[in-house]
Amino acid sequence: MFSLLVFTGLQVSVESTGIRFKRSIDRHYRSELMVPNGGRWGSWGQREMCPIGTYAAGFSLKVQDRLASGDDTSLNGIRLHCVDYSSSQTQSHHIYTSVQSAESSWGRWSDIQWCPSGYLIAFQLRVSKFWESSDETAANNVRFKCSGGFYLLGEGISWGDWGNWSQTCHGKGICGIKTWIQAPQGEGDDTALNDAQMYCCN
């Protein structure tokens, strides 16, 4: 069965008062955040950055439900939701811009989880170990730390182990993402998202 990997650029989600932000693929970043336990299959998608002046304050996941047999791919995409709090004295999520890197076509997007205050500053992946046959699911869930000290747990699945946390952004917060995706294998294992890299901006 043929399935196409989708490489998505900037996506804008706004309320009725909507503001459109400019795409910022080449936005300057201060540092990269990586985790040591990502899966080894696949290739990197394109780096996607929050528009200049915005930072990721929330995220959502593309998750495939568990199947009765065969492929049990879980985490197939990560979407960052970027906001600009400097224009308001209160934390508002009503106007936001969504960015993502490569994704697989399976699954559905979860509801957005927002930091109660501040921005995303570090992340952690839950990864299933390599199996010699059948399903070889790698990344199954993600967890983020907010600058206000709060932790956000994604709506992935429980297989695998949590790896070490990435380093922490020493700038304002996470401002971009790149994901490592395995193409569909046709049968058996169809592992999708296996690793991720985040970017920090001042």
query = Out of all the residues in the stretch 162-192, which are at pLDDT below 90 and part of a strand (DSSP E or B)?
reply = ILE181
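Quick check on the stretch 110-133: of everything there that is among the aromatic types (Phe, Trp, Tyr) and modelled with pLDDT of 95 or more, which residue is most open to solvent (accessible area, probe 1.4 Å)?
Filtering the stretch 110-133 down to residues among the aromatic types (Phe, Trp, Tyr) leaves 114, 119, 123, 130-131.
Checking the rest, the ones that are also modelled with pLDDT of 95 or more come to 114, 119, 123.
On the way: TRP114: 56, TYR119: 17, PHE123: 0 Å².
Selected residue: TRP114.
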query = Among the residues of the stretch 134-146 satisfying the criterion of being open to solvent by less than 60 Å² (accessible area, probe 1.4 Å) and modelled with pLDDT under 95, which is farthest from TYR199 (Cα to Cα)?
reply = ASP135
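The values are calculated or read from the model by the stated rules, or taken from the named source; none is laboratory data. Computed from a predicted model, the values in this text were never measured in an experiment. Surface accessibility is based on the protein's heavy atoms, side chains included, excluding ligands, DNA and RNA. Shrake-Rupley method; radii C 1.70, N 1.55, O 1.52, S 1.80 Å.
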